[in-house]
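The values are calculated or read from the model by the stated rules, or taken from the named source; none is laboratory data. Since the structure is predicted, the reported quantities are computational estimates derived from the model, not experimental observations. Note that we place each Cβ from the backbone using ideal geometry, even for glycine, and neighbour counts take in every protein chain shown. For accessibility, only protein heavy atoms count, side chains too; no ligands or nucleic acids. Shrake-Rupley method; radii C 1.70, N 1.55, O 1.52, S 1.80 Å.
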Amino acid sequence: MTGNSSFLIVNHESGGILDLVRFGVWGNKESGDKFLQYSTGGVVEQLPRAEVPDHRWVIVVSILVRKLIALFGKPMEWIGYLVEFILNLFSLNGNFFGLFYNILHGKVVMPQRGSETFISAIGHLDGRIKLYKSETLTKEIGEPDFWQKIVQLGLGHRALMDLCMMASKLAYENAKVVKNVVNLHWEMHFVDFFNCWNDFEKELSTQVFILCDKPKDANLIVISFRGTEPFDADDWITDFDYSWYEIPKLGKVHMGFLEALGLGSRAKASTFHEQLFVNNLKFTKLENDTTIAPSESSESSTTFSDSDAHSVSGQSSDSERPTDTGTSFKLDMPERTAYYVVRSKLKRLLKEHKNAKFVVTGHSLGGALAILFPTVLVLHEDMDVMERLLGIYTYGQPRVGNRQTGRFMEAHLEHPVPKYFRVVYCNDLVPRLPYDNKTFLFKHFGICQYYNSLYVEQNVDEEPNRNYFGLRFLIPLYLNAGWELIRSFAVGYMYGREYEECWESVMLRALGLFLPGISAHSPVDYVNSVRLGRQRSTQMSSF
């Protein structure tokens, strides 16, 4: 199967600008082959002649954008470190005047990255920590008929949606911040935080944390994947990538998102088959036969795959660990991957909490991983796990596969009631990626809960301006960005002090006058949409 697998790799690093011009303008095959690797020959040769110009335009734009992002990758990283340091320096010292006072008195508090007081740039954009009507959610989760209500509604429960969005936002923070917020502010139970391996990027670049509503006899388990970090060039390059790998039954799936879950590497395409199928058989056997000693940070004992990456337990990342029988085994993989470690932990939690259901969530790139995780569970026929799935809530999620992928998952997520809710705010750029046209066929699926800039909600099959570059949407796009900037000064008066926007958010709105789709991706608008949303054509549960 590995040799016959179909895939497309769009490599922005292999050729230069002149090669890109030759390929884009004249369709030069030799230049195109520097950027494209196709499992059955050259991409352009495989396409009908009428589709080639459109196909080339999409690829050229993708490569150009990714080249520009890569060019500024290191400066973005340095700026990110500087911006987060300054933001934390101000916040820890009482903002500008407090910092000035502390400097004069020699009492300056210095930020320590990775500490429980160091907040990410995303956290500074939206400093809200408290859950929306958390007492209602906590009370309802404990009621015997809560899950029946959710099933009967078949729609998003607003307090649960808010928990998922806040968990998606919290995933951008370091493990200590996550643990403090979950345990102290939400009064729930933090399970673990994982930094997982991406074999293509050769680094621990995928983060995910797990919580339960309570430590014993839990009713709800939440899995939250971290999304696109604003100053991480690799994350943005992944969002603009058009590479795919075709999986039997499942269809064409975004290659970058598979890599983020640790399910292969484009450097050797056969690793996708190995990780998806060969390793699944090995890992399933180990999950059934082997138990590893408990992690210090976890609420329950962890299985084999919890031993392979960095978690807040501070354990070694060696892949060789003693079992409870005193023996040891060594995994084939050098580092731990997100899919297998989360699956292993989830199975352990579901076994321990007999009545628990689980929810998967994420914002941006995290949303893509949130929908792909149960997708691969279905592919692996883990139906005993899928039966315990309550829902998937994604916010500003990019497209993950083609129409076949959508049909495959709709059969499992739409019946007997919908379990997948894709939330999109207004002109957010990321849900319009990767490009959806007759060549690439990247398609969204499931219910799209779309919110406009007045936070009016509407259920639609596809968000308006699905590819973002529609000319008739251009003027409204910029007019709306202007309105959002004006609204940022008034929203606190309109809806209350908790909705007041900080100066960092206002500055992002100002940037939106030039790049509207970027500012609309802010978690601020997704939290507001869930809490302030007014229904146009759908009903959600009341309180």
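Number of residues in region 241-260 that are open to solvent by 30 Å² or more (accessible area, probe 1.4 Å) and part of a loop (DSSP other than H, G, I, E, B): the value is 2.
If you scan region 261-277, which residues turn out to be open to solvent by 10 Å² or more (accessible area, probe 1.4 Å) and closer than 26 Å to Leu68 by Cα?
Step one: filter region 261-277 for residues open to solvent by 10 Å² or more (accessible area, probe 1.4 Å), giving 266-271, 273-275, 277.
Correct list: Arg266, Ala267, Lys268, Ala269.
Selection of region 419-462 for residues being part of a strand (DSSP E or B), in contact (Cβ under 8 Å) with a residue 40 or more places away in the chain, touching an Asp or Glu at 6+ places or on another chain (Cβ under 7 Å) and surrounded by fewer than 23 Cβ atoms within 10 Å (Cβ to Cβ) yields only Lys443. A single member of Arg487, Arg407 is in contact (Cβ under 8 Å) with a residue 12 or more places away in the chain, open to solvent by 30 Å² or more (accessible area, probe 1.4 Å) and either small (Gly, Ala, Ser) or not in a strand (DSSP E or B) (or both), and it is Arg407. Restrict the check to region 103-115 and report whether at least one residue is at pLDDT below 95 and part of a helix (DSSP H, G or I). For region 103-115, residues at pLDDT below 95 and part of a helix (DSSP H, G or I): present.
Restricting the search to region 70-111, which residues are among the polar types (S, T, N, Q) and loosely packed, with under 13 Cβ neighbours inside 10 Å? Selection gives Asn95 alone.
Inside region 131-151, residues that are modelled with pLDDT of 75 or more and open to solvent by 30 Å² or more (accessible area, probe 1.4 Å) make up a count of 1.
Considering only residues of region 465-477 that are open to solvent by 30 Å² or more (accessible area, probe 1.4 Å) and within 21 Å of Val61 (Cα to Cα), which is modelled with the highest pLDDT?
Here is the first cut: in region 465-477, the residues open to solvent by 30 Å² or more (accessible area, probe 1.4 Å) are 466, 468-469, 471-476.
From what is left, the residues that are within 21 Å of Val61 (Cα to Cα) are 466, 468-469, 471-474.
Working: Arg466: 82, Tyr468: 77, Phe469: 71, Leu471: 73, Arg472: 78, Phe473: 81, Leu474: 85.
My answer is Leu474.
The lone criterion from (1) surrounded by fewer than 24 Cβ atoms within 10 Å (Cβ to Cβ); (2) in contact (Cβ under 8 Å) with a residue 40 or more places away in the chain; (3) not in a loop (DSSP other than H, G, I, E, B) left unmet by Val341 is number (1).
With the structure loaded, tell me whether Lys67 is open to solvent by 30 Å² or more (accessible area, probe 1.4 Å), at pLDDT 85 or above, under 20 Å from Ser243 (Cα atoms) and touching a helix residue (DSSP H, G or I) at 6+ places or on another chain (Cβ under 6 Å) or whether it fails that test. Walk me through it before giving the result.
Details: open to solvent by 30 Å² or more (accessible area, probe 1.4 Å): yes; at pLDDT 85 or above: yes; under 20 Å from Ser243 (Cα atoms): yes; touching a helix residue (DSSP H, G or I) at 6+ places or on another chain (Cβ under 6 Å): no.
When the stated conditions are applied, Lys67 does not pass them.
Would a scan of region 116-126 turn up a residue that is touching a residue at least 40 places away in the same chain (Cβ under 8 Å), of a type in the set (D, E, K, R) and outside any helix (DSSP H, G or I)? Scanning region 116-126 turns up at least one residue that is touching a residue at least 40 places away in the same chain (Cβ under 8 Å), of a type in the set (D, E, K, R) and outside any helix (DSSP H, G or I).
Within region 500-520, the set of residues being of a type in the set (A, V, I, L, M, F, W, C), open to solvent by less than 80 Å² (accessible area, probe 1.4 Å) and not in a loop (DSSP other than H, G, I, E, B) comprises Val506, Leu508, Ala510, Leu511, Ile518.
The residue of region 152-210 that is nearest to Ile221 (Cα to Cα), among those that are assigned to a strand (DSSP E or B) and open to solvent by 10 Å² or more (accessible area, probe 1.4 Å), is His189. Kindly establish whether Ser14 is in contact with a helix residue (DSSP H, G or I) (Cβ under 9 Å, 6 or more places away or on another chain), at pLDDT 85 or above and part of a loop (DSSP other than H, G, I, E, B). Criteria met by Ser14. Please verify whether region 390-399 includes one or more residues that are open to solvent by 20 Å² or more (accessible area, probe 1.4 Å) and touching a helix residue (DSSP H, G or I) at 6+ places or on another chain (Cβ under 6 Å). Scanning region 390-399 turns up no residue that is open to solvent by 20 Å² or more (accessible area, probe 1.4 Å) and touching a helix residue (DSSP H, G or I) at 6+ places or on another chain (Cβ under 6 Å). Filtering region 211-230 to residues that are out of contact with any Phe, Trp or Tyr (no Cβ under 8 Å at 6 or more places or on another chain) and either surrounded by fewer than 24 Cβ atoms within 10 Å (Cβ to Cβ) or under 19 Å from Tyr81 (Cα atoms) (or both) leaves Asp213, Lys214, Pro215, Lys216, Asp217, Pro230.
Restricting attention to region 343-378 and to residues that are aliphatic (A, V, I, L, M) and in contact with a Pro (Cβ under 9 Å, 6 or more places away or on another chain), the residue that is farthest from His521 (Cα to Cα) turns out to be Val360. Any chance region 371-393 includes a residue that's over 20 Å from Leu220 (Cα atoms), modelled with pLDDT under 95 and in a strand (DSSP E or B)? Within region 371-393, none of the residues are over 20 Å from Leu220 (Cα atoms), modelled with pLDDT under 95 and in a strand (DSSP E or B).
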